[in-house]
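S.K.: Would you mind keeping the following structure in view while I ask a few things?
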């Protein structure tokens, strides 16, 4: 048996830069109310959402990712050629082959970086971050770009009063690179496939090829609709608040810190009520800054954590070097939580 | 020891007071959580989880929608408490 040379990576990894892209069109609740019987007050009280961004035809998954990544690369102070890996988490890129990550890697000017897409719903950022850390510590890349990007407006049923107001579009990216000290804690992650029905796309794409109208979603005029993301609100709320609070606590324990050591809490921006309830359940101290980007960005699934991170740093609510707990959770059901030092 | 109907109503009153800020004396058997007590569908989940802990009972998601009034919840807990 031949003896193989061991791979040689960095001792640890850290987030070196963050960038975000929010589509130019800002959509207030009034626009949502054109198609559903509800009210601005109802939407705000159930979700905290006031506005969200919807992408136009030019703001594709790739285009938004490239904008966000360019900012993250500049923030990290490196050049695109140094990037050895590009990981894109999305559920709303409609050309499945090839992976959109390859186009992004090319257009950013990387030197043939390894590039691939992952599907982990609203936990996608944490999944990507964990893979990136592994690649850096294992030695297969020095710098890895992790992108969360969604055009959930394409997967929103505007006639469903329970979800029409929830989703938004955007891209968030971070550059992960080598570090002499640990700045990304152990990830506490997992899946609960027995709850796969609680958040899902209404019908799989292949049903459209079969074309059986009884199995396809129809709009109020009987026309075939695009699939949409639906969820069982109460079941998701219970799981997100009470089960995810346990996972968040496990991530703190795994990193060897207590809530008192935290500066910032960046949960997936699903719904402000979930955020409020998690903060209460976790008994986070007053001094911890809590991301509430959902108010003006809506739920952007995999993009929500890096977008919220970018905004907290841009507004000065959080600063470089702060210790942040990030936790993503969503369709799968899947989840990922970790403690990171902010770039 | 299992809680009595009176104890359950008092416990639910405390919980609803804590979560929705409704005075405890307003929480009575015939009151609807949504219509009378300002407990929306998401707050109802918080009420249910708090009640589960307090009364050592499991209330699955599919049963939550049947608990329209304080009386419904009280009967459910009386029947299912550990």
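The values are calculated or read from the model by the stated rules, or taken from the named source; none is laboratory data. Source: prediction; values computed, not measured. Counting neighbours? That spans all protein chains shown, and the Cβs are built from the backbone with ideal geometry, glycine included.
For (1) more than 24 Å from residue A:200 (Cβ to Cβ); (2) touching a residue at least 12 places away in the same chain (Cβ under 8 Å); (3) assigned to a strand (DSSP E or B); (4) not assigned by the TED database to the domain that holds residue A:90, each residue gets a yes or a no:
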residue: A:296; (1), (2), (3), (4): yes, yes, no, yes
residue: A:305; (1), (2), (3), (4): no, yes, no, yes
residue: A:309; (1), (2), (3), (4): yes, yes, no, yes
residue: A:312; (1), (2), (3), (4): yes, yes, no, yes
residue: A:318; (1), (2), (3), (4): yes, yes, no, yes
residue: A:321; (1), (2), (3), (4): yes, yes, no, yes
residue: A:325; (1), (2), (3), (4): yes, yes, yes, yes
residue: A:329; (1), (2), (3), (4): no, yes, yes, yes
residue: A:336; (1), (2), (3), (4): no, yes, yes, yes
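S.K.: Further question: Which of the residues that make up the range A:255-274 are away from chain B (no Cβ under 14 Å) and closer than 20 Å to residue A:89 by Cα?
M.R.: As a first pass, look at the range A:255-274 and keep what is away from chain B (no Cβ under 14 Å): A:255-269.
Scanning the range A:255-274 gives A:266, A:267, A:268, A:269.
S.K.: Only one of (1) closer than 21 Å to residue A:304 by Cα; (2) under 20 Å from the mean Cα position of the chain (by Cα); (3) surrounded by fewer than 24 Cβ atoms within 10 Å (Cβ to Cβ); (4) modelled with pLDDT of 95 or more fails for residue A:102. Which number is that?
M.R.: Checking residue A:102 against (1) closer than 21 Å to residue A:304 by Cα; (2) under 20 Å from the mean Cα position of the chain (by Cα); (3) surrounded by fewer than 24 Cβ atoms within 10 Å (Cβ to Cβ); (4) modelled with pLDDT of 95 or more, the one that fails is (1).
S.K.: Let me ask something else about it. Considering only the range A:275-289, I want to know if a residue exists there that is within 14 Å of another protein chain (Cβ to nearest Cβ), assigned to a helix (DSSP H, G or I), buried (at least 22 other Cβ atoms within 10 Å of the Cβ) and out of contact with any strand residue (DSSP E or B) (no Cβ under 9 Å at 6 or more places or on another chain).
M.R.: yes
S.K.: Over 20 Å from residue A:305 (Cα atoms), within 14 Å of chain B (Cβ to nearest Cβ) and exposed (fewer than 15 other Cβ atoms within 10 Å of the Cβ): is that true of residue A:192 in this structure?
M.R.: Details: over 20 Å from residue A:305 (Cα atoms): yes; within 14 Å of chain B (Cβ to nearest Cβ): yes; exposed (fewer than 15 other Cβ atoms within 10 Å of the Cβ): yes.
Spelling it out, residue A:192 is indeed over 20 Å from residue A:305 (Cα atoms), within 14 Å of chain B (Cβ to nearest Cβ) and exposed (fewer than 15 other Cβ atoms within 10 Å of the Cβ).
S.K.: Hey, another quick one. With A:238, A:161, A:151 as the choices, which residue is modelled with pLDDT of 95 or more and either within 24 Å of residue A:296 (Cα to Cα) or within 14 Å of chain B (Cβ to nearest Cβ) (or both)?
M.R.: Sole residue among the options that is modelled with pLDDT of 95 or more and either within 24 Å of residue A:296 (Cα to Cα) or within 14 Å of chain B (Cβ to nearest Cβ) (or both): A:151.
S.K.: Within the range A:175-188, is there a residue that is without any contact (Cβ under 8 Å) to a residue 24 or more places away in the chain and assigned to a loop (DSSP other than H, G, I, E, B)?
M.R.: Let us first name the residues in the range A:175-188 that are without any contact (Cβ under 8 Å) to a residue 24 or more places away in the chain, namely none.
Looking for residues that are without any contact (Cβ under 8 Å) to a residue 24 or more places away in the chain and assigned to a loop (DSSP other than H, G, I, E, B), one finds none in the range A:175-188, hence no.
S.K.: Right, something else. If I ask for residues that are in contact (Cβ under 8 Å) with a residue 60 or more places away in the chain, buried (at least 17 other Cβ atoms within 10 Å of the Cβ) and over 25 Å from the mean Cα position of the chain (by Cα), which ones from the range A:22-45 would you list?
M.R.: A:36
S.K.: Please specify each residue of the range A:46-55 satisfying the condition of being under 20 Å from residue A:91 (Cβ atoms) and either more than 14 Å from every other protein chain (Cβ to nearest Cβ) or surrounded by fewer than 19 Cβ atoms within 10 Å (Cβ to Cβ) (or both).
M.R.: Those that are under 20 Å from residue A:91 (Cβ atoms) and either more than 14 Å from every other protein chain (Cβ to nearest Cβ) or surrounded by fewer than 19 Cβ atoms within 10 Å (Cβ to Cβ) (or both): A:52, A:53, A:54, A:55.
S.K.: Could you check, for the range A:44-62, whether at least one of its residues is part of a helix (DSSP H, G or I), in contact with a helix residue (DSSP H, G or I) (Cβ under 6 Å, 6 or more places away or on another chain) and under 15 Å from residue A:105 (Cα atoms)?
M.R.: Yes; the residues of the range A:44-62 include at least one that is part of a helix (DSSP H, G or I), in contact with a helix residue (DSSP H, G or I) (Cβ under 6 Å, 6 or more places away or on another chain) and under 15 Å from residue A:105 (Cα atoms).
S.K.: Scan the range B:58-82 for residues that are crowded, with 20+ Cβ neighbours inside 10 Å and not in a helix (DSSP H, G or I) and jot them down. Walk me through how you get there before you give the answer.
M.R.: Looking only at the range B:58-82, we keep the residues that are crowded, with 20+ Cβ neighbours inside 10 Å, and these are B:59, B:67, B:70, B:73-74, B:76-77.
Selection gives B:59, B:67.
S.K.: Filter the range A:214-235 down to the residues that are in a helix (DSSP H, G or I) and within 14 Å of chain B (Cβ to nearest Cβ) and list them by number. Even if it seems obvious, please write down each step before you answer.
M.R.: Going residue by residue through the range A:214-235, those that are in a helix (DSSP H, G or I) are A:214-215, A:233-235.
Result: A:233, A:234, A:235.
S.K.: Among the candidates B:7, B:18, B:46, B:53, single out the residue that is out of contact with any helix residue (DSSP H, G or I) (no Cβ under 6 Å at 6 or more places or on another chain), under 25 Å from residue A:195 (Cβ atoms) and part of a helix (DSSP H, G or I).
M.R.: That would be B:53, the only listed residue that is out of contact with any helix residue (DSSP H, G or I) (no Cβ under 6 Å at 6 or more places or on another chain), under 25 Å from residue A:195 (Cβ atoms) and part of a helix (DSSP H, G or I).
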